[in-house]
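Encoded as structure tokens, the structure appears first; notes follow it.
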Amino acid sequence: MTVEVTRTGEGLRLSRLDLFFVELLRQVPVSAEPGDSEAARERLYPMATTDAKSNEDWRAYVHPEMKEFFATASEVVREDLENFEQLDETTENYTIEIPTEHFDQWLNVLNQARLSLAARFEFEEKEMSQNGPRTIETVRDLSLFQVHFYGFLQECLLQDLGA
């Protein structure tokens with residue numbers, strides 16, 4: 001199925017979504033969480049410098065604010081994801097609209113998800129710069145597809161902001 005992206009007066013509408021893409025979208029906030037992955041945590045919350053004392057202060061004062069900022073953005077995205085509409089009950093045809101005033105939060109959470117997935121699965125630069133996996137046979141393949149799909153959504157949001 002093809003995903004259709006349309007600019008509306010209130011935001012960006014994603015339509016013609018089948019259940020696969022609905023689930024990928026629902027996984028955005030979940031994928032953004034580093035969970036128990038040290039690599040993802042280090043990628044999302046890097047140290048500021050090589051100086052131990054500065055890093056200690058950074059961890060104590062900046063990390064909590066970053067976590068709060070990420071949590072707030074994630075909550076906005078989760079709330080938006082409650083608004084899927086099924087256009088036709090006889091087919092898998094869903095739509096969702098991302099309000100313009102939520103674009104920043106979506107961009108933030110999509111970026112977190114991409115960074116977390118890339119760190120968790122140790123994607124190489126070559127994999128990130130290609131068009132995604134040719135087939136999806138493993139969890140790693142699916143995660144690489146997610147990274148590319150989330151990047152596509154970021155591009156759409158940024159294009160809409162620039163229009």
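The values are calculated or read from the model by the stated rules, or taken from the named source; none is laboratory data. It should be emphasised that the depicted structure is a prediction, and the values quoted were computed from it without experimental measurement. Reconstructed Cβ throughout: ideal geometry from the backbone, glycine too, with neighbour counts over all protein chains shown. The protein model used for the area step is the full one, side chains on, heavy atoms only, and it has no ligands, DNA or RNA in it. Shrake-Rupley method; radii C 1.70, N 1.55, O 1.52, S 1.80 Å.
Screening ASN131 against (1) closer than 23 Å to THR8 by Cα; (2) open to solvent by 50 Å² or more (accessible area, probe 1.4 Å) leaves a single unmet condition, (1). Candidates THR100, THR91: the one that is within 30 Å of ARG7 (Cβ to Cβ) and either touching a residue at least 40 places away in the same chain (Cβ under 8 Å) or surrounded by fewer than 11 Cβ atoms within 10 Å (Cβ to Cβ) (or both) is THR100. The set of residues in the stretch 1-27 being small (Gly, Ala, Ser) and either touching a residue at least 24 places away in the same chain (Cβ under 8 Å) or crowded, with 17+ Cβ neighbours inside 10 Å (or both) consists of GLY11, SER15.
Given the structure, is GLU75 within 24 Å of ARG7 (Cα to Cα), surrounded by fewer than 16 Cβ atoms within 10 Å (Cβ to Cβ) and modelled with pLDDT of 95 or more? Taking the combined requirement at face value, the residue satisfies it. Scanning the stretch 28-41 for residues that are under 22 Å from THR95 (Cβ atoms) and open to solvent by 60 Å² or more (accessible area, probe 1.4 Å) yields a count of 1. When GLU124, GLU85 are checked against the criterion of being of a type in the set (Asp, Glu) and touching a strand residue (DSSP E or B) at 6+ places or on another chain (Cβ under 6 Å), a single residue qualifies: GLU85.
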